[in-house]
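The values are calculated or read from the model by the stated rules, or taken from the named source; none is laboratory data. Since the model is a prediction, treat every value here as computed from it, not as a measurement. No Cβ is skipped: glycine too gets one built from the backbone with ideal geometry, and neighbour counts run over all protein chains shown.
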Amino acid sequence: MSSPAKSSSVTPVSLAVDAALVLAFFAFFFLKVLPSHVPSNDPKMVKLWAGLTAACMSGVFWLCIQMFRVVLRAQREAGRQG
């Protein structure tokens, strides 16, 4: 059986928007939110752990963006059919 061809939802514009959102998220958490939560007085350790934590959180944020896009596309397609 052959499956119907699906158009790709990944475009250069969507990749650029996602990258900009993730970079903004990383910068906000790395610079504003996380440094006050690192239990250290050493600036190098604060930057290290804030950066590592912001990187992990940015990965989760990227996954959330992708899941949002998939669900939004499915809902729009379901609305057109119904």
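Name the single residue that is surrounded by the most Cβ atoms within 10 Å (Cβ to Cβ) among those in the range 4-54 being among the hydroxyl-bearing types (Ser, Thr, Tyr) and within 30 Å of Ala74 (Cβ to Cβ).
Filtering the range 4-54 for residues among the hydroxyl-bearing types (Ser, Thr, Tyr) gives 7-9, 11, 14, 36, 40, 53.
Narrowing the set further to residues that are within 30 Å of Ala74 (Cβ to Cβ) leaves 7-9, 11, 14.
Values: Ser7: 5, Ser8: 6, Ser9: 11, Thr11: 9, Ser14: 14.
By that ranking, first place goes to Ser14.
Looking only at residues that are of a type in the set (A, V, I, L, M) and not in a helix (DSSP H, G or I) in the range 1-52, which one is modelled with the highest pLDDT? It would help to see each step written out before you state the result.
First, the residues of the range 1-52 that are of a type in the set (A, V, I, L, M): 1, 5, 10, 13, 15-17, 19-24, 27, 31, 33-34, 38, 45-46, 48, 50, 52.
After this cut, where a residue has to be not in a helix (DSSP H, G or I) as well, the list is 1, 5, 10, 38.
Values: Met1: 52, Ala5: 56, Val10: 81, Val38: 96.
For the range 1-52, the residue satisfying everything is Val38.
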